[in-house]
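Reviewing the structure listed below.
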Amino acid sequence: MSFEKLGELFLKTKINYKKTITGHAYPEFVKIVEVGPRDGLQNEKEIVPTGVKIQLIDMLSGTGLSVIEATSFVSSKWVPQMADHTDVLRGIQKASNVQYPVLTPNLQGFQDAVAAGATEVAVFGSASETFSKKNINCSVDESMLRFEEVINAAKKRQIPVRGYVSCALGCPHEGHIEPSKVAEVAKRLYEMGCYEISLGDTIGIGTPGSMLKMLQRVMKDVPINALAVHCHDTYGQALPNILTALQMGVSVVDSAVAGLGGCPYAQGSSGNVSTEDVLYMLHGMGIETGVNIAKVIEAGSFICSALSRKTNSKVAQARSTACCDASL
Amino acid sequence: MATVMKLVHRNALTSLMGQHCLSFSSAAAHRAAGVRAAQAFPGKVKIVEVGPRDGLQNEKTLVPTEAKIKLINMLSESGLSVIEATSFVSPKWVPQMADQVEVMKGISRKPGVTYQVLTPNLQGFQAAVKAGAPEVAIFGAASELFSKKNINCSVDESLQRFDEVMKAAKEAGVPVRGYVSCVIGCPYEGKVAPEKVAHVAKRLYSMGCYEISLGDTIGVGTPGSMTKMLEAVIKEVPVSALAVHCHDTYGQALANILVALQMGISVVDSSVAGLGGCPYAQGASGNVSTEDVVYMLHGLGIQTGVDLSKLMDAGAFICQTLNRKTSSKVAQAACKL
């Protein structure tokens, strides 16, 4: 099977849409990419024991989620939370209908990931030059060369690669980011061979207005069924931004159980949008996800207990204290 | 880090959002879905600020009268055009609103701002007019059980009570705003039928309410249930006379407001700092934060007349007074410099 064909297997090439009273056509099915164990935990201050990480991923594997970002093969010097990447990947019980992508910032990371049994990897580009330099110490172009090595190595092994573009709606250093720059980076990653491009509002500053504008531009260069949105809830805009993306035809949404992972650029503020809150919205709209929200809430409760912190999910919070549950 | 935080400084917020204006694309060049998404919004939205009443009423700490007055004055300066100031309900039931007369008489009334007050019955209405209230509001429920448990009578009985208020208001030339609670779900009955909501909204509108605010009292709604409910109500009440009052208990408020705007609604209720928790889910949030709503609307290029920075100042003040953290994510993020 060719690499491209393999990538297509991970994409729903035909997305069915159904129209609503507002004239918008929403996808009938949305794939949730659960980033809690990696993106979430990476941005939590407390180091989580390996056993807890494994238990979290195993619980998530039983919820119906089809993609769970398990860990990151980045140097433990930079990201101590992910130092146990090999143990985590080897320790989890891989469900047959679940993918466990791992981050691989460079060829070394990719090789380590493969040795640990990874069957899908991800690379992270940035739409902001300054963010790229400050975050991974090189320009966007230089990072693309690095990722090309990873993607070529992945192609040889028939391992699909997911691409991320950070700062898609704004940068903590540069401020406004031109949609054309986001499109440029997304297109490069897609043409290099990434089967899906996740567009990340890294500092959560976007609104339906900027989301719309950015997607309109990116969709000119990357097919809609290869796009995902990764919205942060730092300004409370994640759900309306996701709704806007769905109205534009996007059918893949990244989120983190319990809204794990604060924002490193706004101390104490929230970061990732909660998977529970996303599911509540999607199910309420009659959109299928295949995910059992109650089981996700359980997994969220487990990890929050382990981290001694409150959940960021409003659904989980309400469900745990509601005197009468009239919710869905 | 200091340069990093420059972006999220309050003043920068306004200029950054100004760049995120909605652009209307030609149908030929873009997917139909994108065009539909782009064309959906009103140019202006009126915010009805319910913090001083609905917000404070649901806060446990009793707020001194001077603090309430200062809050309302600060809100008046932020560009809001409607502020729900207090409630002429018996202090026996709602101790937080016991200083209703002092508040009405103590605030500095800014020209161009309407100071609305709740009046659950004729006695309350008369006291409100005496205290100088220029506009009043009445509350109906779309759920029978909620009506009985909340105000001890059926929906029909409550509407009869309001008839008296409406007559008196008409005679006095005082506009009346109507609220319908439990428009999506009820803590006692569960799901509420859209037709029931439409029925109550229509009654209030026919009785003479100039505007009907549809309240998702327990915040269980989603864009799915919201559109179904609005579809039913819009058949009976002109969309220009409708407002949405979304609670954020399940984090759905902004998404619900977004679809309401797309259905033609252009009046949104919200509460500074997201004041007012949910009495049906201990510790959970209630009202949606005005700051977060304004942030979204401005990002869409929709005018509100509100100065977000001044609004956040008012939110910071009341949270300090209440010794609590803001429920507004915009306020939380913008403060972390």
Task: Hydrodynamic radius (Kirkwood) for the range A:251-328, which is based on Cα pairs only, to one decimal in Å - done: 13.1 Å
- [ ] Could you line up B:145, A:145 from fewest to most neighbouring Cβ atoms inside 10 Å?
- [x] A:145, B:145
- [ ] Taking each pair of different alpha-carbon atoms in the range A:145-202 once, compute 1/r for the pair, average those values, and report the inverse of that mean as the Kirkwood hydrodynamic radius in Å to one decimal.
- [x] 12.0 Å
TODO: Please give the length that would be gained between residue B:202 and residue B:109 if that part of the chain were fully extended, namely 0.36 nm times their separation in residues minus their C-alpha to C-alpha distance (nm, one decimal).
DONE: 30.3 nm
Task: Calculated log₁₀ intensity ratio I(q)/I(0) where the Debye formula runs over C-alpha points of the range A:82-157, q = 0.22, 0.28 Å⁻¹ - done: -0.99, -1.25
- [ ] Any of B:60/B:92; B:46/B:329; B:60/B:325; A:310/B:329 with alpha carbons more than 19 Å apart? Name them for me.
- [x] B:46/B:329
Task: Volume per residue that the Cα convex hull of the range A:1-145 spans, once the total is divided by residue count, Å³ - done: 171 Å³
Open item on the list: Can you say what percent of the DSSP beta bridges in chain B, counting only those with both residues inside, are antiparallel? Round to 5.
Closed with: 10 percent
Task: Under 12 Å, Cβ to Cβ, from residue A:283 - net charge with Lys/Arg +1 and Asp/Glu -1 - done: -3
Open item on the list: I need the semi-axes of the equivalent ellipsoid of the range B:248-297: take the C-alpha gyration tensor, multiply each eigenvalue by 5, square-root it, list largest first in whole angstrom.
Closed with: 20, 12, 8
Task: Net charge of Cβ neighbours under 11 Å - reference residue B:189; Lys, Arg +1; Asp, Glu -1 - done: +3
Task: Cα-Cα pairs of the range B:44-92 separated by more than 13 Å (percent) - done: 59 percent
- [ ] Please identify, among B:228, B:167, B:92, the residue showing maximal mean-square fluctuation in a Gaussian network model of chain B using a 10 angstrom Cα cutoff.
- [x] B:92
Open item on the list: Quick check on the range A:215-286: what does the Kirkwood estimate of hydrodynamic radius come out to from the alpha carbon pairs, in Å?
Closed with: 12.8 Å
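So what are the range B:164-220's ellipsoid semi-axes, whole angstrom, largest first, if each one is the square root of 5 times an eigenvalue of the alpha-carbon gyration tensor?
For the range B:164-220, the ellipsoid semi-axes come out as 26, 10, 8 Å.
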Open item on the list: Rounded, prolate or oblate for chain B? Axes are the square roots of the Cα gyration tensor eigenvalues, ordered a ≥ b ≥ c, and the cut-off for rounded is a/c under 1.5.
Closed with: oblate
- [ ] Scan the range A:44-87 for trypsin sites (Lys or Arg not before Pro) in coil per DSSP, keeping those whose Cβ has at most 15 other Cβ atoms within 10 Å, and list them by number.
- [x] A:45, A:77
Task: Set of aspartates and glutamates with alpha-carbon distance to residue B:196 below 13 Å, sequence-local pairs under 8 removed - done: B:144, B:156, B:231, B:236
Open item on the list: Translational diffusion coefficient of the protein assembly as shown at 10 °C, 1.306 mPa s, Stokes-Einstein with Kirkwood Rh over Cα pairs, in µm²/s as a whole number.
Closed with: 63 µm²/s
Open item on the list: How high is the relative contact order of the range A:185-236? Use alpha-carbon pairs under 8 Å, at least six apart in sequence, and give a whole percent.
Closed with: 54 percent
Open item on the list: Give me A:149, B:236, A:288 sorted ascending by neighbouring Cβ count inside 10 Å, so fewest comes first.
Closed with: A:288, A:149, B:236
Task: Distance between modelled label sites at residue A:75 and residue B:235, nm, 7 Å Cα→Cβ extension - done: 6.6 nm
Task: Mean projected area (nm²) of the alpha-carbon convex hull when the range B:165-290 is viewed from all directions - done: 7.7 nm²
Task: Where only alpha carbons of the range A:157-292 are counted, the Rg and the Dmax (Å) - done: 14.3, 41
- [ ] Report, ordered by chain and residue number, the lysines lying within cross-link reach of residue A:187, taken as a straight Cα distance under 26 Å and ignoring same-chain residues fewer than 8 apart.
- [x] A:5, A:12, A:14, A:31, A:133, A:134, A:155, A:156, A:213, A:220
Open item on the list: Which log10 I(q)/I(0) values does the range B:109-199 give at q = 0.18 Å⁻¹ under the Debye formula, counting every alpha carbon as one identical point scatterer?
Closed with: -0.80
Open item on the list: With an 8 Å Cα cut-off and a minimum separation of 6 or more residues, compute the relative contact order for chain A in percent.
Closed with: 19 percent
TODO: Taking the Cβ of each residue in B:177, A:217 as the centre, tally the other Cβ atoms inside 10 Å and list the residues starting with the fewest.
DONE: A:217, B:177
- [ ] Enter the Cα centre distance for the pair the range B:168-209 and the range A:223-273, rounded to the nearest angstrom.
- [x] 35 Å
Open item on the list: Based on the alpha carbons, how large is the Rg to Rh ratio for chain A when Rh follows Kirkwood?
Closed with: 0.93
TODO: Straight distance only, please: which aspartates and glutamates reach the Cα of residue A:295 with their own Cα at less than 16 Å, same-chain residues fewer than 8 apart left out?
DONE: A:34, A:58, A:276, A:277
Open item on the list: For the range B:297-337 and the range A:43-91, what is the centre-to-centre distance using only Cα atoms, to the nearest Å?
Closed with: 36 Å
Task: Antiparallel DSSP beta bridges within the protein assembly as shown, as percent of all bridges there, nearest 5 - done: 15 percent
Open item on the list: Using the basic label-point model (7 angstrom from Cα toward the beta carbon), what is the residue B:61 to residue B:323 distance in nanometres?
Closed with: 0.6 nm
Task: residue A:133/residue A:191 FRET efficiency (R0 22 Å; Cβ-Cβ; nearest 0.05) - done: 0.40
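No lab work stands behind these numbers, since they all come straight from the coordinates. Since the model is a prediction, treat every value here as computed from it, not as a measurement. Note that each Cβ is placed from the backbone with ideal geometry, even for glycine, and that neighbours are counted across all protein chains shown.
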